Every structure is written in C-alpha cells, then in structure tokens.
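Colleague: Structure in structure tokens, see below.
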Amino acid sequence: MSDVQIEKISPDMGARVLVSASHLLDEGVAEQCLAALNEYGVLVFPEINLSDADQVEFSNRLGPTKASKFTGEKKDEADKLGIYPVTLDPTKAKFLDYVHSNEHWHMDGTTYEVPPKATNLKCVVPPSSGGDTEFCNLYAAYEALPAEMKAKIENLRVVHCAAAANLRYFKNPTVIDLQRWLRDGPPTEQPLVWKQSNGHTSLVIGSTADHIVGMDVEEGRALLAELLEWCTQPQFCYRHHWSKGDMVIFHNPGVLHRAHRYTVDSGRLMHRTTIMGTEAFA
Ligand code: OGA
Ligand code: MN
C-alpha cells in the first residue's frame with residue numbers, strides 16, 4: 001500500500017489527501033484518488049508542491065486531459081504541457097472576461113454535450129487578498145431537496161450559454177465580445193435535473209443558466225435563483241483558502257464552484273488542467 005491518507009473535511013463535502021509529491025505517482029494512488037473524488041466531490045492536496053509535468057501526468061491518470069480551447073499561442077513551458085493559466089494578469093491570460101466571470105457559481109462545460117469530469121487547480125502564486133475558491137456538493141443538495149420541489153422540476157430544461165455567465169459581470173459588453181461569447185458557448189439546452197450513472201443526481205444550474213424552457217423568463221430565473229440558493233447553503237459547501245503549492249481537484253458533474261473576487265494586484269496564479277468527461281448531460 002502507498003502512503004496516502006484521505007481525511008473527510010465535512011459530512012457533506014470534500015476530503016484532504018495527504019501524500020507527498022514523490023509518492024503521488026506511485027502505483028495505485030491515482031485509482032485511490034479517483035474513487036475519493038467520486039465520493040467526496042473535492043480533493044485538497046495541501047502544499048503538495050507538484051511540478052507542472054507531474055500535475056499533467058497525475059491528471060492524465062485520472063482520465064485523458066483536454067487542452068483548453070482558450071489557451072493562447074504557446075508562450076511558456078506550462079502552456080506547452082497543456083496547462084491553462086487562471087489569472088487576471090493580461091500578459092498570461094488570453095481573455096480576462098471568462099476569468100472574472102468565475103466569481104459566480106457555475107459548472108464547467110454546460111454548453112458541451114459532455115462536460116469535463118474534473119478540473120485540477122494548482123496554486124502557483126496565492127492571492128495576497130481575496131481569491132478563495134468555494135465548492136458546493138450538488139448531489140447532497142439535490143438529495144435534501146423537498147419532495148414537492150423534486151417533483152416540480154423533474155422534467156424541466158434549461159438554456160445555458162457563456163454570455164449568460166459573462167453578462168452577470170460585464171453589464172455593457174461590446175457586440176464584438178458578445179459575439180465571441182455566443183460563439184465560444186452558444187445557447188444550449190440541458191436537463192435541469194441530471195441523473196448520473198453513479199446513482200447520484202445533480203442540478204445543472206449556475207451562472208451559465210439563462211432561462212427555463214417554456215416558462216416565463218422572470219419566473220424561470222427566480223426558480224433558478226431559488227435552487228442555486230438552496231444548493232449553496234453552508235452545509236453543502238467547502239471554501240478553500242489557497243497556500244502556495246496547494247492542489248485542488250473537483251468532480252465537475254457533482255459540484256458547483258466559484259472564485260471569490262480578487263484583483264490583478266493580488267498576484268493570484270493557478271495552473272489548471274481539465275480531465276475530459278465520459279458522461280453526457282441527460
Ligand atoms: C475555473 C474556475 C475558479 C478559481 O478555472 O474553471 O472556475 O478559483 N476557477 O480560479
Ligand atoms: Mn470554472
């Protein structure tokens with residue numbers, strides 16, 4: 001057996017994985033972490049201080065990774081490895097609008113047929129202020145929903161798009177930006193209630209959700225807001241305060257996440273990899 005300790009963070013969310021960088025790539029560790037990821041939703045590797053190459057290697061063991069479509073021209077070693085920089089530094093990030101919009105609760109990839117399975121964030125430069133990342137457990141939140149609400153929402157469908165998310169931050173976009181958002185994440189219908197093959201159910205909600213199909217727009221948005229408020233109650237949440245070298249992996253189909261606001265002056269820089277999904281929204 002390898003030297004891995006997995007400790008639950010709270011009854012409904014997250015686990016800390018205590019393993020050194022030199023043992024993370026040992027045989028069997030990735031499999032153990034994958035099982036823990038499915039069970040706990042978020043895995044925190046405190047100050048593991050992994051190299052970029054090892055971050056990519058470990059991510060690939062959790063499933064094939066995908067190069068982000070927003071990655072710019074290959075600029076540095078991290079880029080070449082397929083790592084995407086999450087930062088407000090305009091010399092490192094290609095489009096800042098998506099980074100700013102991360103401050104609203106969301107699921108990644110809601111305009112794709114198959115959303116990513118997991119996202120891996122490694123803290124290269126911790127923010128000097130702000131910039132915590134928070135997660136909520138959609139499985140636990142759905143489970144705890146009152147039966148009448150479960151019945152009410154069972155067959156509803158929601159239109160998601162990148163513009164819906166970005167318009168929450170940028171109230172006055174240029175038509176050029178708006179056009180790019182619509183191209184990157186075009187309006188896409190998804191089920192509101194997503195029953196997954198692991199037996200768990202999540203709600204496909206968050207900042208990319210624009211409206212509910214066939215419902216008055218305001219009424220639909222009010223229902224989406226009510227569901228979001230339900231899912232993000234403290235008992236379903238874990239908020240991570242970053243130290244240099246921390247790595248956090250989250251199970252995207254089962255959680256919502258958001259970055260608490262930070263500024264470019266905070267210095268915050270995350271190295272991100274994305275593990276491809278295997279299950280379509282259904
Ligand atoms: C993301 C994201 C949150 C953060 O990269 O998809 O939402 O805290 N990041 O940077
Ligand atoms: Mn995200």
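Colleague: Which residues, counting only those in the stretch 12-30, are out of contact with any Asp or Glu (no Cβ under 8 Å at 6 or more places or on another chain), open to solvent by 70 Å² or more (accessible area, probe 1.4 Å) and in contact (Cβ under 8 Å) with a residue 24 or more places away in the chain?
Modeller: Hit for the stretch 12-30 is GLU27, nothing else.
Colleague: Restricting to the stretch 228-240, name every residue that is within 16 Å of the chain's Cα centre (by Cα) and outside any helix (DSSP H, G or I).
Modeller: THR232, CYS237, TYR238, ARG239, HIS240
Colleague: For the stretch 206-221, indicate whether the set of residues that are open to solvent by less than 20 Å² (accessible area, probe 1.4 Å), in contact with a Phe, Trp or Tyr (Cβ under 8 Å, 6 or more places away or on another chain) and at pLDDT 95 or above is non-empty.
Modeller: Taking every residue of the stretch 206-221 in turn, at least one turns out to be open to solvent by less than 20 Å² (accessible area, probe 1.4 Å), in contact with a Phe, Trp or Tyr (Cβ under 8 Å, 6 or more places away or on another chain) and at pLDDT 95 or above.
Colleague: Same structure again: Would you check which residues across the stretch 89-124 are aliphatic (A, V, I, L, M) and farther than 19 Å from ARG180 by Cα and list them?
Modeller: If the condition is that a residue be aliphatic (A, V, I, L, M) and farther than 19 Å from ARG180 by Cα, then MET107, VAL114, ALA118, LEU121, VAL124 are the ones that fit.
Colleague: Hey, another quick one. Which ones in the stretch 256-278 are of a type in the set (Gly, Ala, Ser) and within 12 Å of ligand 1 (Cβ to nearest atom)?
Modeller: Residues satisfying the conditions are ALA259, SER266.
Colleague: Out of all the residues in the stretch 243-259, is one or more of a type in the set (Val, Ile, Thr), closer than 22 Å to VAL99 by Cβ and part of a loop (DSSP other than H, G, I, E, B)?
Modeller: No; the residues of the stretch 243-259 include none that is of a type in the set (Val, Ile, Thr), closer than 22 Å to VAL99 by Cβ and part of a loop (DSSP other than H, G, I, E, B).
Colleague: Let me ask you something else. Would you mind finding the one in LEU156, LEU121 that is closer than 22 Å to MET13 by Cα, at pLDDT 95 or above and in contact with a strand residue (DSSP E or B) (Cβ under 7 Å, 6 or more places away or on another chain)?
Modeller: Result: LEU121 is the single residue among LEU156, LEU121 that is closer than 22 Å to MET13 by Cα, at pLDDT 95 or above and in contact with a strand residue (DSSP E or B) (Cβ under 7 Å, 6 or more places away or on another chain).
Colleague: Looking only at the stretch 254-272, which residues are crowded, with 17+ Cβ neighbours inside 10 Å and away from ligand 2 (no atom under 13 Å from the Cβ)?
Modeller: Passing the criteria: GLY254, TYR262, SER266, GLY267, ARG268, LEU269, HIS271.
Colleague: Counting just the residues of the stretch 87-110 that are open to solvent by 20 Å² or more (accessible area, probe 1.4 Å) and not in a loop (DSSP other than H, G, I, E, B), which one comes out nearest to ligand 2 (Cβ to nearest atom)?
Modeller: TYR98
Colleague: Identify, by number, the condition in (1) modelled with pLDDT under 95; (2) open to solvent by 50 Å² or more (accessible area, probe 1.4 Å) that VAL4 doesn't meet.
Modeller: Evaluating VAL4 over (1) modelled with pLDDT under 95; (2) open to solvent by 50 Å² or more (accessible area, probe 1.4 Å) leaves (2) as the failure.
Colleague: Moving on. Out of everything in the stretch 117-144 that is open to solvent by less than 10 Å² (accessible area, probe 1.4 Å), of a type outside the set (S, T, N, Q) and under 22 Å from ASN198 (Cα atoms), what residue ends up being farthest from ligand 1 (Cβ to nearest atom)?
Modeller: Looking at residues that are open to solvent by less than 10 Å² (accessible area, probe 1.4 Å), of a type outside the set (S, T, N, Q) and under 22 Å from ASN198 (Cα atoms), I get ALA141.
The values are calculated or read from the model by the stated rules, or taken from the named source; none is laboratory data. Note that the structure is predicted; figures quoted are calculated from it, not measured. Using ideal geometry, Cβ is built from the backbone for each residue, glycine included, and neighbour counts are taken over all protein chains shown. Just so you know, the surface numbers come from the protein's heavy atoms only, side chains and all, with ligands and any DNA or RNA stripped out. Shrake-Rupley method; radii C 1.70, N 1.55, O 1.52, S 1.80 Å.
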